[in-house]
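Comments concern the structure below.
The values are calculated or read from the model by the stated rules, or taken from the named source; none is laboratory data. Every value quoted in this text rests on a predicted model; they were computed, and no experiment measured them. Here the Cβ positions follow ideal geometry from the backbone for every residue, glycine too, while neighbour counts run over all protein chains shown.
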Amino acid sequence: MPQTEPQKQDDMITFKKPFWWRRDVRLAIGIVGALIFAFMLNTMFGGKEQAAKEATAALTEQYEQVEEGMTIAAVQEIMGPGEELSHTTILETETVILVWNDAYYNSATMTFINGKLANKILVN
């Protein structure tokens with residue numbers, strides 16, 4: 001790369017700026033960089049909406065098969081094991097709360113009283 005000749009101007013030595021220092025060239029470089037960055041983000045995170053919709057549909061389908069009055073074992077056959085949030089017994093009344101989560105923050109929470117489904121909630 002050829003070196004630019006210094007130019008003397010009122011006791012100050014200045015150098016001619018390289019072509020990429022011009023405002024329009026810097027703007028073009030910035031726009032190209034932003035487009036590359038947007039493409040990279042879309043490549044890394046794009047396309048997951050379809051997978052999220054499928055996961056939501058699967059959880060919703062299982063949730064709709066469950067009916068109040070079913071036993072814990074019958075619900076677990078449909079939904080899988082689930083995660084126990086609470087298990088208490090007060091005055092011979094046993095209450096169990098189970099939750100099922102998917103990878104996309106959808107959840108189904110079910111409350112069992114004396115082994116029977118009393119309440120269910122689906123959060124999408």
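Restricting attention to segment 108-124, and to residues there that are in contact with a helix residue (DSSP H, G or I) (Cβ under 8 Å, 6 or more places away or on another chain) and modelled with pLDDT of 90 or more, which single residue is farthest from Thr56 (Cα to Cα)? This residue is Gly115.
Scanning segment 86-113 for residues that are surrounded by 12 or more Cβ atoms within 10 Å (Cβ to Cβ) and of a type in the set (A, V, I, L, M, F, W, C) yields Val96, Ile97, Leu98, Val99, Trp100, Ala108, Met110, Phe112, Ile113. Looking only at segment 91-107, residues that are of a type outside the set (Asp, Glu) and more than 17 Å from Thr60 (Cα to Cα) come to 5 in all.
Within segment 30-58, residues that are more than 10 Å from Tyr104 (Cβ to Cβ) and assigned by TED's automatic domain parsing to the domain that holds Ala108 reach partners that are surrounded by 11 or more Cβ atoms within 10 Å (Cβ to Cβ) and at pLDDT 80 or above with beta carbons closer than 9 Å, at six or more positions or on different chains, in the pairs Ala58/Asp102.
Number of residues in segment 91-115 that are assigned to a strand (DSSP E or B) and out of contact with any Phe, Trp or Tyr (no Cβ under 6 Å at 6 or more places or on another chain) equals 14. Among the residues of segment 73-90, just one is closer than 22 Å to Ala57 by Cβ and either at pLDDT below 90 or part of a strand (DSSP E or B) (or both), namely Glu83.
Regarding Leu85, is this residue farther than 18 Å from Ala118 by Cα and among the aliphatic types (A, V, I, L, M)? It is false that Leu85 is farther than 18 Å from Ala118 by Cα and among the aliphatic types (A, V, I, L, M).
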